[in-house]
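The values are calculated or read from the model by the stated rules, or taken from the named source; none is laboratory data. As the structure is a prediction and not an experimental result, all values here were calculated from the model. Note that we place each Cβ from the backbone using ideal geometry, even for glycine, and neighbour counts take in every protein chain shown. Each accessible area value is taken on the protein alone, full model and side chains, heavy atoms only, with ligands, DNA and RNA left out. Shrake-Rupley method; radii C 1.70, N 1.55, O 1.52, S 1.80 Å.
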Amino acid sequence: MYEDERPNPDALLAAIQKDEKQKARGHLKIFLGMAAGVGKTYAMLEAARQRKADGVDVVIGYVETHRRPETEALVDGLEVIPRKKLEYRGTTLEEMDVDAILRREPDLVLVDELAHTNAPGSRHAKRHMDVTELLEAGIDVWTTVNVQHFESRADTVQQITGIRVAETLPDSILDLANDVELIDLSPDDLRKRLAEGKVYTPERIETASSNFFRVGNLTALREMALRLTAERVDHQLQDYMAIKRIAGPWKSGERMMVAVSASPFSEKLIRWTRRMAYNLEAPWLAVYVETAQESRQETREQLARNLALARSLGGEVVVVSGQNITEALLRLAHQRNVTQIVIGKPQHTRIQAFLRGGSLTDHVIRNSGNVDIYVVTGDEASEGRSQRATLPLPTLRSPLRKYVIAIAIISAVTALDLILVNSVPWLGYQAVGLTELLAVLLIAIYIGRGPAVASALISALSWNFLFIEPRFTFVITQVQDIILFFLYFAVAIFAGNLTSRIRLQEQAARYTADRTLALYTLAHETATARDMNDVLRAAVDQIERIFDVEVAVLLPEGDQLSHSAHACSTMQLDEKEQSVALWVFQHGKPAGRYTNTLPLASAQFFPLLTPNRTVGVMGIRYRRSERLSVDEEALLETFINQVALVIERELLDEAAEQTAMMRESERLYTTLLNSISHELRTPIASIKGAASGLRNPTSAIDRETLIDDIESSADRLNRLVENLLDMSRLESGRLQIKRDWCDVGEIVSVAVQRVDFCAKDHSIEITREPGLPLIQVDFVLIEQVLVNLLENACHYSPAGTPIRISAEQAARTIQISVEDSGPGIPPEHLDAIFEKFFRLPGTPTGGTGLGLSISRGLVEAHGGTITAENRPEGGMRFIIRLPLNGDAPPVREAAL
Amino acid sequence: MTENGLRVLIIDDELQIRRFLRISLQSSGYHLDEAVNGSEGLSKAAQLRPDVVILDMGLPDVDGLDVLRQLREWTQVPVIILSVRDDDHDKVSALDAGADDYLTKPFSTEELLARIRVAVRHSLRGEETQVFRAGDLQVDLTRRLVTLKGEPVRLTPTEYALLRLMIQHVGKVLTHRQILRAVWGREYENETHYLRVYFAQLRQKLETDPARPALFITEPGIGYRLRTQS
């Protein structure tokens, strides 16, 4: 079934994304060879020198010349970044210094031997990860590799040459490379070079030429290298065609699936699948079916390694749980439209297969429907190992203690039966058998499978010996007793097995329920918590409890990661761990224990990732020494994602708040500008008009009038400026109150004096209660408030009407009232008038609209209140209440 | 009243301020010198020996307070400082450091001329005032007699000391600290509440309308001034 001629949109997107990604990254060029000595490093250095001559800034990150003179000659003249020295168990090892290269920021760096494994203590476990980091920093990298180092080729190479390849690279590196140059040499030429001592120093030539450098080997390797390059070119061609929308021979929609187990044999299956999928242009899944069986630490680790391998080769890893492996595999296959399944050849003997009703392979084949099945062979070494892992015998995991208890129970039951048989004549050996069977079942439920089987064995034998005729011998005379004996044994074993399996299932179910509950609890708490601190605390609690770990959360400060962990963290971080956390934050990838980056750290660090950015880092230190199971890791990942989402939500909330605030500021700003521009222009116009008017000949009276206008306009402008300054000081929070003992009556007098310009139109009556206590306030500011109120009263009440200002004491406050006989204010606006720029509809324009707002700000800064009310007789009353905090110390006559 | 031949030195960097000062003062008969910055001001003060110095506190090159202090190192010439509204603290510092009076920008020419007259009068005065008269109030300092509308007024010794201090500096502003030190002593220089109480008492006894004082003027944030009639 072929799709139509239009280019596959997914493929297009992937190609475009790859293109875009590559532009920001550095350019990676791989010099590929079939074996050591073909001249990869030489070619690289030659090309690099040419680039340098062209003006490119080239440095050497790490080049291994193997003391070959011609290569060394080429190094001469290129800048070499000194290697980093690491101490390990008494020896000094040298590795490439990534930080130095990053600091140096060259255009191009040469890094030899991409597949190299770094010494312990290096930042990354493998050199190709160092290279990835350099590329991400935008530095171009040239490197060399032999074909034997690629994962998918590793076992083929081993088969051909007999030499196990230790250092491997994931195939995805090839996809990352922008350029792959094959350094090809015919096997004969290479052998000649070897003989001439141009490859290895003379001592090693003999062994090399007879082991690795045999013609057959070299030819095979050469073919592999050529094939690899050809495949890559083919792929590039596909990409190119995808981008140019050239309809090519698109492959059909195949999808492969490989069944992965904890056996080392799975590695080969995975690699095989990858190669197949690559050739078929098909996506592939690696599936692990988790059953209720307990697993040992080593099998868990092997499984994790297998799954990691699948991931690194580009497969999608899926973990499903189920009782029946076949059923689970096929169900998933149908869900995901898998067209081909890869499984291993059956390893059990026929008898085992028969007992189980057929091997897994048989089951799968039989029920596969229209899905193709590939059955792949393992090799002997892995077969042997895996056999041990899959035998149905009970694992010898239960501690000795449990066996002792089981045997004790059986012995007790047997002893009891002995007594009963001897004392109760009609109690026969059949009843005894059944009681012993019951005991075995109980042991299976409460103690474990191993002890149950052991006690089944013991009880059967003791039953035979002690109870079946003839007693106290192992001989059984009656045929039916023989059958009974063997049946008993079989039933005991199977029943024991079954009950213990049920128990395990029940445990698994309970575990799943716990996990689900934990996840639900976390989701619930994070959804309902009001505060990020609460959320983080809840998450840390949960994670700590469920996984038995110590947790640290680090949040960003601006663009950087904070140096100290969040308060809810339970783990302390030392400096080294902090730098690991920082690395994780910057690169968005996990690091630390159980990862490939900085694996010697004691804790593991995960980036808290959201689609937009990294919102923090979580560090986890395991209290137990064993690694988490695949399941637990998946759960942990879910938790971490949840935490990341919550943090992102908080950050977005903050951002929204700030945006709202900014918008409000802008609104005020606009209003202010509008209000002020009018207020400013009026007196300025007046001044300009009057001043220019004075140039003309005018009468003395007119001159006086114009001059008065200029002066009063100047005063008005001055008041406006003072208003604005007060406002800005209040808003910016830079207001400083200088409290000092003041007489309120005095402040009132000064304020009235200041507004005497409006005293022409209004009579101002001052009432001061005698004996008012002194109050600690800022004289100037309170005076300002009173001036504001008086000015308002003057402005808004008709000329000729009186204004009254009074000061009195009420309980522990001083009360100052300003009353006018103006029109008053509608009750609904009584509070609104204190807002900035509020203008009563219908009032004459004039004034900035800030006076009352400033007054309120100043009064409240003193801890007082200011309110407005309508007088029953008509007009406004403003009341200021200032708290009396303490009494002034008494005064004394001077000593004269 | 015109003062003839008195020299005024203006130290201000603003051209327009200097201009209107020049015009106003010259029309009142003063002789004017100008300096645009602190150092020029100091050298001209030394050279020209003015009778009054008007010093702007907002000079660009140096703190007005420093100029004042340097002046006071060798001359007691009256200094009137020009400042802006919010600078209470600086005004008080300047007055405590020896400035005679202050003006807040924007100010009118009348105010300036009044201040200059007061400052000059105090600097020229040979003998002490003997009798002070203002409206209905008469104070005979030689006989320690205070009368309002002819009727004697009883003042406590402290109130009298305060009154006498203000009379001795009539027309000039005195800072809280200066008043407290002079009447009560150094230890009391921060006890502002004394002044509130005592001035209230003086106003109560001596002012026609204590709520609208005509004599004892509060200079908010700075101190007090006994208003002169002229």
Filter region B:112-160 for residues that are in contact with a strand residue (DSSP E or B) (Cβ under 6 Å, 6 or more places away or on another chain) and acidic (Asp, Glu); the one that is nearest to B:Asp209 (Cα to Cα) is B:Asp136
- A:Leu774 open to solvent by 10 Å² or more (accessible area, probe 1.4 Å) and modelled with pLDDT of 90 or more: yes
Considering residues that are more than 12 Å from chain A (Cβ to nearest Cβ) and within 18 Å of B:Arg133 (Cα to Cα), the number found within region B:155-199 is 8
When region A:730-762 is checked residue by residue, the ones that are open to solvent by 50 Å² or more (accessible area, probe 1.4 Å), assigned to a helix (DSSP H, G or I) and within 12 Å of chain B (Cβ to nearest Cβ) are A:Gln753, A:Arg754, A:Asp756
Kindly establish whether B:Asp87 is more than 14 Å from chain A (Cβ to nearest Cβ), more than 15 Å from the chain's Cα centre (by Cα), under 30 Å from B:Thr218 (Cβ atoms) and open to solvent by 10 Å² or more (accessible area, probe 1.4 Å).
-> no
Check on A:Asp76, at pLDDT 90 or above and of a type outside the set (S, T, N, Q): no
* Asked: Among the residues of region A:589-602, is there at least one that is surrounded by fewer than 18 Cβ atoms within 10 Å (Cβ to Cβ), within 15 Å of the chain's Cα centre (by Cα) and not acidic (Asp, Glu)?
  -> no
Checked region A:408-430 for anything open to solvent by less than 70 Å² (accessible area, probe 1.4 Å) and under 17 Å from A:Ile458 (Cα atoms); matches are A:Ala408, A:Ile409, A:Ile410, A:Ser411, A:Ala412, A:Val413, A:Thr414, A:Ala415, A:Asp417, A:Leu418, A:Tyr429
Given (1) open to solvent by 20 Å² or more (accessible area, probe 1.4 Å); (2) out of contact with any His (no Cβ under 9 Å at 6 or more places or on another chain); (3) hydrophobic (A, V, I, L, M, F, W, C), B:Leu103 misses just (1)
The number of residues in region B:102-159 that are in contact with a Gly (Cβ under 9 Å, 6 or more places away or on another chain) and part of a helix (DSSP H, G or I) is 7
Among residues of region B:217-230 being under 15 Å from B:Val139 (Cα atoms) and either at the interface with chain A (Cβ under 10 Å from one of its Cβ atoms) or open to solvent by 40 Å² or more (accessible area, probe 1.4 Å) (or both), the residue modelled with the lowest pLDDT is B:Gln229
In the set A:Ser569, A:Ser579, the lone residue that is within 17 Å of the chain's Cα centre (by Cα) and crowded, with 19+ Cβ neighbours inside 10 Å is A:Ser569
Any residue in region B:17-35 that is assigned to a loop (DSSP other than H, G, I, E, B) and more than 23 Å from B:Gly171 (Cα to Cα)?
no
A:Leu32: passes all of (1) surrounded by 22 or more Cβ atoms within 10 Å (Cβ to Cβ); (2) touching a Phe, Trp or Tyr at 6+ places or on another chain (Cβ under 6 Å); (3) farther than 16 Å from A:Asp140 by Cβ but (2)
Those residues of region A:612-630 which are without any contact (Cβ under 8 Å) to a residue 12 or more places away in the chain and not small (Gly, Ala, Ser) amount to A:Arg613
When (1) more than 13 Å from every other protein chain (Cβ to nearest Cβ); (2) modelled with pLDDT of 90 or more are applied to B:Ala211, the one that fails is (1)
When A:Arg624 is run through (1) open to solvent by 20 Å² or more (accessible area, probe 1.4 Å); (2) assigned to a helix (DSSP H, G or I), the failure sits at (2)
B:Leu202 fails exactly one of (1) part of a helix (DSSP H, G or I); (2) open to solvent by less than 30 Å² (accessible area, probe 1.4 Å); (3) facing another protein chain (nearest Cβ under 10 Å), namely (3)
By residue number, the members of region B:205-216 that are assigned to a loop (DSSP other than H, G, I, E, B) and open to solvent by 20 Å² or more (accessible area, probe 1.4 Å) are B:Thr208, B:Asp209, B:Pro210, B:Arg212, B:Pro213, B:Ala214
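Rundown of residues vs (1) open to solvent by 50 Å² or more (accessible area, probe 1.4 Å); (2) under 43 Å from the mean Cα position of the chain (by Cα), yes/no style:
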{"residue": "A:Gly450", "(1), (2)": "no, yes"}
{"residue": "A:Ser459", "(1), (2)": "no, no"}
{"residue": "A:Ile476", "(1), (2)": "no, no"}
{"residue": "A:Phe485", "(1), (2)": "no, no"}
{"residue": "A:Ala492", "(1), (2)": "no, no"}
{"residue": "A:Ala495", "(1), (2)": "no, no"}
{"residue": "A:Ser500", "(1), (2)": "no, yes"}
{"residue": "A:Glu506", "(1), (2)": "yes, yes"}
{"residue": "A:Thr512", "(1), (2)": "yes, yes"}
Tell me, please, whether a residue that is under 60 Å from the mean Cα position of the chain (by Cα) and polar (S, T, N, Q) can be found in region A:713-727. yes
Exactly one of A:Glu704, A:Glu769, A:Glu783 is at the interface with chain B (Cβ under 9 Å from one of its Cβ atoms) and either modelled with pLDDT of 90 or more or surrounded by fewer than 20 Cβ atoms within 10 Å (Cβ to Cβ) (or both), and that residue is A:Glu783
What do you reckon, is A:Ala431 of a type in the set (A, V, I, L, M) and under 19 Å from A:Ile405 (Cα atoms)?
no
If we ask which residues in region B:90-113 are among the aliphatic types (A, V, I, L, M) and within 13 Å of another protein chain (Cβ to nearest Cβ), their number turns out to be 1
